[in-house]
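Visitor: First the structure, which I've put down as C-alpha cells, then a few questions once you've had a look.
The values are calculated or read from the model by the stated rules, or taken from the named source; none is laboratory data. No experiment lies behind these values; they were computed from the predicted model shown. Please note: Cβ atoms are built from the backbone with ideal geometry, for glycine as well, and neighbour counts cover all protein chains shown. What goes into the accessible areas is simple: the full protein's heavy atoms, side chains included, and nothing from ligands, DNA or RNA. Shrake-Rupley method; radii C 1.70, N 1.55, O 1.52, S 1.80 Å.
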Amino acid sequence: MKFLCTLCFLLLASTIASAASSDHGKYLFFVGTYTQDEGKTTGSQGIYAYRFDASTGEVAALGLVAATVNPSWIAIEPSGRFLYAVNELGDYEGANSGGVSAFAIDRDNNGRPTGKLTFLNEVRSRGADPCYVTVDKTGKYVLVANYTGGSVAVFPILADGKLGEATSFAQHAGHGSDPQRQEGPHAHSINLSPDNRFAFVDDLGLDELLVYKFDEAKGTLTPNDPPFVKLDAGSGPRHFVLAPNGKFAYVVAEMRASVTTFTYNPDTGEFHSLETVSAHPKDYHGPNEAAEIEIHPSGRFLYASNRGEDDGIHIYSIDPSKGTLVEGGYIKSGGKTPRS
C-alpha cells in the first residue's frame, strides 16, 4: 500500500442512537478497519458493530457486520438508515483505485437497528486512496476526500440508499515544503458547515484549509473567495472541527503535531488564523504525529490525538470569548497509533 500518513490497522467509529425510547443512553456504533496492507491481509475483515451503554461505559461486541476492503472511514446519513464507507484499494486499479460503498442499516420489527449491514453498491471515488467520507445535512449527498489522488468528490444518495455517479469533482494542484510527504496534494478530510453552504477540506500536501461553496440542490462544489487559508509550511493539516458557537475553527496538523485556531465568518466562509499551539505532550520531544481533533458539545474543551512513542490525547480548555486554547493535560490513548 502507498504511504498513507503512517497507516496501521486502526479503528474508525461512527455512532447511531437506538430508536427505542427504552434504550435511552444506549448506542449502536460501527467501526471500520484496514483489511489489507501491501497485498497482505491484516486479520480484519471489514466493518464491525458494537453496543455502548453510556450509563455504565460498557461496550459489547456484535462482531463483523460487513465484509469489505479497507473501509478506513465511515459515516452514517442523518436518518440513520444508511452507512457509507470509503474503500482504500477498492476493486479498481490505477489512479482511480479507490471506492465508496453504500450499506443499509438493518432494523428489527420494532424499527430498532440490529447492527447488521446490507451491501447496496460501490462506486469509484474518482481518486486513489480515499480516506474520509461525510454526508451532507440533507442526507442527499456523500462527500469524499481522496488522499493519494489529492482530490474531493460528491456523490448523490439515491432513494434506495445506493450511490450514483459523481455530481462534482475537484482536483487539487501544487506541493508543500516537504519533498517526501508533500510532493503533491493530499486531501485528508472534508467537512460541511452547519448551514450546509460550505465544505472545508484539509490538504496535508498543500498546507491549506480549502473552502468550497456547496450547492445542496445540485451537489456541486465551487471554490470560495478566497479559496483557502494557509497553515505554516510543513504543518500537514489533517482534520478540522468547528466550535458549536460557529465563531471558531480548529485544525490539527499531522506532520507538526500542532493545533491551529481560526476565526470563522459563517456568512462568507472565511477563516483567519489566531494561533498555533503544540499538540505534543508537555516536555516530550520524541517523534510524534497528530491525528484526530474533537470538540466537546459545550464548546469548552478540545481534544487532539497524537501518534508516536507517547500515543495519547491532548486536552485543551477553550477561552469562550477568544477561542484560544489553554493547556489542560494529556492522557494515554490506551493503544498504539490512534486515528479517530
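Visitor: What does the C-alpha gyration tensor say about the overall shape of region 78-160? Classify as rounded when a/c is under 1.5, otherwise prolate if a/b is larger than b/c, or oblate.
Guide: Note, shape of region 78-160 comes out prolate.
Visitor: Also: Does the chain classify as rounded, prolate or oblate by the C-alpha gyration tensor (a ≥ b ≥ c root eigenvalues; a/c under 1.5 gives rounded; else a/b over b/c gives prolate, otherwise oblate)?
Guide: Because its axes are fairly even, with a/c under 1.5, the chain counts as rounded.
Visitor: Please compute the length gained on full extension between Asp106 and Glu327, using 0.36 nm multiplied by the number of residues separating them and subtracting their Cα-Cα distance.
Guide: Extra length available between Asp106 and Glu327 comes to 75.2 nm.
Visitor: Scan around Leu192 for amide H atoms under 5 Å from its own, H built in the peptide plane at 1.01 Å from N, and keep only partners 5 or more places away or cross-chain.
Guide: Amide H to amide H, under 5 Å and 5 or more residues apart or across chains, Leu192 pairs with Phe200.
Visitor: Quick one: compute the contact order of region 240-296, relative version, from alpha carbon pairs under 8 angstrom and 6+ residues apart, as a percent.
Guide: Normalised by residue count, the contact order of region 240-296 is 35 percent.
Visitor: Roughly how big is region 252-340's charge dipole about its Cα centre, with Cβ charges of +1 (Lys, Arg) and -1 (Asp, Glu), in debye to the nearest 20? Before the final figure, lay out each step's value.
Guide: Details: 8 positive and 13 negative charges, 41 e Å.
Charge dipole of region 252-340: 200 debye, to the nearest 20.
Visitor: If you don't mind, there's one more thing I want to ask. Size of the dipole of the chain about the Cα centre, Lys and Arg at +1 and Asp and Glu at -1 on the beta carbon, nothing else charged, in debye to 20?
Guide: Approximately 660 debye in magnitude.
Visitor: Right, here's the next one. Sorting check: for 127-134, 320-327, 145-152, 114-121, which peptide has the highest mean count of neighbouring beta carbons within 10 Å, and how do the rest follow?
Guide: Output ranking for 127-134, 320-327, 145-152, 114-121: 145-152, 127-134, 114-121, 320-327.
Visitor: Could you check which residue among Ile293, Ile76, Ile105 shows the biggest mean-square fluctuation in a GNM of the chain with a 10 Å Cα cutoff?
Guide: Ile105
Visitor: To continue, here is another question. Given Cα pairs under 8 Å that are at least 6 residues apart, what percent is the relative contact order of region 183-340?
Guide: Numbers: 410 pairs, mean separation 21.9, N = 158.
Averaging sequence separation for qualifying contacts and normalising by length gives 14 percent for region 183-340.
Visitor: List the trypsin sites (Lys or Arg not before Pro) within region 187-254 that DSSP assigns to loop and that have no more than 14 neighbouring Cβ atoms inside 10 Å. Provide the component values of the computation, followed by the final result.
Guide: Details: sites: Arg197, Lys213, Lys218, Lys230, Arg238, Lys247; in loops: Arg197, Lys218, Lys247.
Answer in residue order: Lys218.
Visitor: Please list, or write none, the aspartates and glutamates whose alpha carbon is within less than 17 Å of the alpha carbon of Lys282, excluding same-chain residues fewer than 8 places away.
Guide: Partners found: Glu309, Asp310, Asp311, Glu327.
Visitor: Which Cα, out of Leu204, Ile190, Pro223, lies furthest along the positive dipole direction of region 146-289 (beta carbon charges, K/R +1, D/E -1)?
Guide: Comparing the listed Cα positions along the dipole, Ile190 ranks first.
Visitor: While we're on this one: Could you pull out the pairs from Lys26/Lys336; Lys140/Lys213; Lys40/Lys116; Lys137/Lys218; Lys213/Lys322 whose alpha carbons sit more than 18 Å apart here?
Guide: Listed pairs above 18 Å: Lys26/Lys336; Lys40/Lys116; Lys213/Lys322.
Visitor: Please compute the modelled spin-label separation between Asn196 and Thr268, points set 7 Å along Cα→Cβ, answer in nm with one decimal.
Guide: 2.6 nm
Visitor: Further question: Please work out the average accessible area per residue across the chain, using the 1.4 Å probe convention, and give it in Å².
Guide: Spelled out: the 1.4 Å probe surface of the chain, per residue, equals 43 Å².
Visitor: A further question on this structure: Residue by residue, what Karplus-based ³J(HN,Hα) values in Hz, rounded to whole numbers, does region 35-44 have, using 6.51, -1.76 and 1.60 with θ = phi - 60° and x for Gly and Pro?
Guide: 9, 8, 8, 6, x, 9, 6, 9, x, 7
Visitor: What does the charge dipole of region 170-263 about its Cα centre add up to, to the nearest 20 debye, if the Cβ of each Lys and Arg holds +1 and the Cβ of each Asp and Glu holds -1?
Guide: Charge dipole of region 170-263: 180 debye, to the nearest 20.
Visitor: Below 8 Å between Cα atoms, with a sequence gap of 6+, how large is the relative contact order for the chain in percent? It would help to have the intermediate numbers written out before the result.
Guide: Working: 1000 pairs, mean separation 28.7, N = 340.
Worked out over the chain, it gives 8 percent.
Visitor: Sticking with this structure for a sec: Calculate the length of the line joining the C-alpha centroid of region 209-225 to that of region 252-331, in whole Å.
Guide: Cα centroid to Cα centroid, the span is 26 Å.
Visitor: Say we join alpha carbon atoms closer than 10 Å with springs in a Gaussian network model of the chain; which of Lys140, Lys282, Lys162 then has the biggest fluctuation?
Guide: Taking springs between Cα atoms under 10 Å, the residue moving most is Lys282.
Visitor: Round to a whole number: what % of the accessible area of the chain belongs to carbon and sulfur, probe 1.4 Å?
Guide: Carbon with sulfur: 51 percent of the solvent-accessible area.
Visitor: Output ³J(HN,Hα) for region 308-325: one whole-Hz value per residue in order, computed from phi by the Karplus curve 6.51 cos²θ - 1.76 cosθ + 1.60 with θ = phi - 60°, and x for Gly and Pro.
Guide: My calculation for region 308-325 gives x, 6, 10, 3, x, 10, 7, 10, 10, 8, 10, 5, x, 8, 9, x, 6, 10 Hz in order.
Visitor: Which one, Thr42, Ala85, Ser333, is farthest towards the positive end of the dipole of the chain when Lys and Arg carry +1 and Asp and Glu -1 on their Cβ?
Guide: Farthest along the dipole direction, towards plus: Ala85.
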